[in-house]
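The values are calculated or read from the model by the stated rules, or taken from the named source; none is laboratory data. Quantities reported herein were computed from a predicted structural model and do not represent experimental measurements. FYI the Cβ positions are ideal-geometry reconstructions off the backbone, even for glycines, and counts take in every protein chain you see. Each accessible area value is taken on the protein alone, full model and side chains, heavy atoms only, with ligands, DNA and RNA left out. Shrake-Rupley method; radii C 1.70, N 1.55, O 1.52, S 1.80 Å.
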Amino acid sequence: LELGGSDAYLVLDDVDVDAAAKVAATARMVNGGQSCVAGKRFIVVRSIVDRFEDALVEAMRGFEMDDPRNEETKLGPMVSVKARDDIDGQVRKSVENGARLLLGGKIPDRSGAWYPATVLSDVAAGQPAHDEEVFGPVAAIIAAKDEADAIRIANDSEFGLGSGVLTAQLERGRRIA
């Protein structure tokens, strides 16, 4: 059974924001974001969303596109030009419908299936970055009022492969998970 993956990570108000952003970037960029279980939707409690946006942008900047044969490369090309174009279309439609582009989001001027590390914020229902699986290096930040709202948003999806809870309190994380 393939459930698809628009995996939700809840980012709660008690986290070390910089550390959480590094975890989020790493989770998002597994195989250039082309992994079913890569983190995709980062549902962040509103009280820390501005700081998380800045920290995630900084962490995602570290994933520069380069030759995947180089051991230091953190982001290679997408599986195909069609896949790259599909990702770009999802990003553009999300922005047209109210998402804010914080990083990336532009097809580079080079041959091949390249797409940069991208961060969107103000992601909401009705946008592809919220409603669909984006199978590439695009992190979607969704603001939640509080923990209960974050749980509601995470569960309001037809997808269901994986998820994560970023909190400083192990028991809180276990309860939510």
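Some points to look at:
- With a requirement of 2 or more residues that are within 15 Å of Ile43 (Cα to Cα), among the small types (Gly, Ala, Ser) and open to solvent by 20 Å² or more (accessible area, probe 1.4 Å), none of the strands (runs of 3 or more DSSP E) lying completely within region 70-166 satisfies it.
- Search result, residues across region 14-58 that are among the small types (Gly, Ala, Ser) and under 13 Å from Leu166 (Cβ atoms): Ala19, Ala20, Ala21, Ala24, Ala25, Ala27, Gly39, Ala55
- Taking first residues from region 121-143 that are at pLDDT 95 or above and partners that are open to solvent by less than 30 Å² (accessible area, probe 1.4 Å) and among the basic types (Lys, Arg), the Cβ contacts under 6 Å between residues at least 6 apart in sequence or on separate chains come to Ala139/Arg28; Ala140/Arg41; Ile142/Arg41.
- With respect to (1) out of contact with any strand residue (DSSP E or B) (no Cβ under 6 Å at 6 or more places or on another chain); (2) on the phi > 0 side of the Ramachandran plot, the lone exception for Arg69 is condition (2).
- Each residue in region 7-42 was checked for being more than 18 Å from Ala117 (Cβ to Cβ) and under 11 Å from the mean Cα position of the chain (by Cα), and 1 pass.
Table: residues versus (1) more than 15 Å from the chain's Cα centre (by Cα); (2) not basic (Lys, Arg).
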position	(1), (2)
Gly76	yes, yes
Lys82	yes, no
Asp86	yes, yes
Lys106	yes, no
Arg110	yes, no
Tyr115	no, yes
Ser121	no, yes
Asp131	no, yes
Ala139	no, yes
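- The set of residues from region 29-64 being at pLDDT below 95, open to solvent by 20 Å² or more (accessible area, probe 1.4 Å) and not in a loop (DSSP other than H, G, I, E, B) comprises Val30, Asn31.
- In region 167-177, the residue that is most open to solvent (accessible area, probe 1.4 Å) out of those that are small (Gly, Ala, Ser) and outside any helix (DSSP H, G or I) is Ala177.
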